[in-house]
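Report on one structure; see the data block that follows.
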Amino acid sequence: PRWRRPILLSELELLGSMFPGQGELVLDDPATVADARQYVDGQTDTAPAGRLEFTVNLKLQEPQKTQVSVQCSLPQDYPDKLPDLNIWTSSITRQKQSQLNLELSEYLQSLPHGELCVNTALEWVQDNTSRFLGPASPSKQNKPASSSSTFARYWIYSHHIQSKFKRRDLNEWAGKLGVTGFYLPGKPGIICVEGEKERCEEYWKWVRELNWKKISLRHHEETELTGGQTVDSLRKFEGFGEKVFGAHNFHGRSFHMDLGEFYQFLKEHQCDTIYAMFFGVEGKRTDS
């Protein structure tokens, strides 16, 4: 794509002048901005790869004092392509937060194509978030009340998992719901969650609400608990987290995993049969 980093820097400078307070504008990786400035100033011939990512923390006064974080991820060809913006606040429920983000996405789509829009979007957030504030406590949604008699394991396939915001959410939601498993970042992206059926269903519901190029529930397993079985006794994974296997072919934030190592990981956890469901071929171990 055409390199638009000078325009990205111009917008970032504008935002810095509008949100000068400590903690108001937080860069994800200040080194990326420094590299971009060096390129624009002609100090290097190497154009920086990847996106420009930062968070703007807004303080709303009405109808109640509330902090709202807007996580911004700008592609290299912004503003030709829309930014990835995500609103987060502890003051509203997950359902309302999803609706707020959906309306923000629809608003961005309605703006004139090819124009700088982050500042306009932040003004929209300031003007519209108050509609979603209410007395409901979001903490009540952290874990669904459940005494499930069914164990489940969900296998989710995505075109890619790259955004640090999504990766953070995948980890946080697993902790809130008490599910175990893992996710594989890069291309393709794979998520496995296991635990009580209702909690796996809730996790899959939350994941679907994020903005994906392509995502699907490729396979799911269910087992009725009998004969003293427990959910924990059927788990094949401890905890939940990101798994990285010999990532290669980097291009910006795009990367592919060593699928041979991934197959070996599945085999060690007695899940190797799932490999063919994802990739249509039998897995092979990568020789050391």
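If you take the square roots of the eigenvalues of the alpha-carbon gyration tensor of the chain and sort them as a ≥ b ≥ c, do you get rounded (a/c under 1.5), prolate (a/b over b/c) or oblate?
Oblate shape, in that a/c is at least 1.5 and b/c is the bigger or equal ratio.
How high is the relative contact order of the chain, given as a whole-number percent (alpha carbon pairs under 8 Å, six or more residues apart)? List each step's numbers first, then the result.
Working: 449 pairs, mean separation 38.7, N = 288.
Computed over the chain, the figure is 13 percent.
Excluding residues on the same chain fewer than 8 positions from LYS243, give the lysines whose Cα lies under 27 Å from its Cα.
The qualifying lysines are LYS143, LYS164, LYS166, LYS176, LYS187, LYS197, LYS205, LYS213, LYS214, LYS267, LYS284.
Where in region 200-241 does the amide nitrogen come within less than 11 Å of the point 7 Å from the Cα of SER149, taken along Cα to Cβ?
The answer is 224-227, whose backbone nitrogens lie closer than 11 Å to the label point.
What residues qualify as long-range amide H neighbours of ARG218, i.e. H under 5 Å apart, gap of 5 or more or another chain, H built at 1.01 Å from N?
Result for ARG218 returns TRP155, ILE156, TYR157.
Can you list the HN-Hα couplings for region 200-208, worked out from phi with the Karplus curve (6.51, -1.76, 1.60; θ = phi - 60°), rounded to whole Hz and with x for Gly and Pro?
5, 4, 5, 4, 4, 5, 5, 4, 4
For the chain, what is the accessible area per residue in Å², given a 1.4 Å probe and the full set of protein chains?
52
Given R₀ = 51 Å, FRET efficiency for SER10-PHE265 by Cβ-Cβ distance, to 0.05? Don't jump to the answer; show the numbers that get you there.
On the way: r = 44 Å, r/R0 = 0.87.
Calculated value: 0.70.
Could you size up the charge dipole of the chain around its Cα centre, putting +1 on the beta carbon of Lys and Arg and -1 on that of Asp and Glu, and report it in debye to the nearest 20?
Details: 34 positive and 38 negative charges, 76 e Å.
In total the dipole reaches around 360 debye.
Can you work out ³J(HN,Hα) from phi for every residue in region 258-273, in order, using Karplus 6.51 cos²θ - 1.76 cosθ + 1.60 and θ = phi - 60°, giving whole Hz and x for Gly and Pro?
6, 6, x, 5, 5, 4, 4, 4, 4, 5, 5, 9, 6, 10, 5, 5
Tell me, what ³J(HN,Hα) does each residue in region 83-89 have, in order and in whole Hz, if you take phi through Karplus 6.51 cos²θ - 1.76 cosθ + 1.60 with θ = phi - 60° and put x for Gly and Pro?
Each residue of region 83-89 in turn: x, 9, 10, 9, 9, 9, 8 Hz.
The values are calculated or read from the model by the stated rules, or taken from the named source; none is laboratory data. For clarity, every value in this text was computed on a predicted model and none was experimentally measured. Neighbour counts are summed over all protein chains in view; Cβ atoms, including those assigned to glycine, are modelled from backbone coordinates with ideal geometry. Surface accessibility is based on the protein's heavy atoms, side chains included, excluding ligands, DNA and RNA. Shrake-Rupley method; radii C 1.70, N 1.55, O 1.52, S 1.80 Å.
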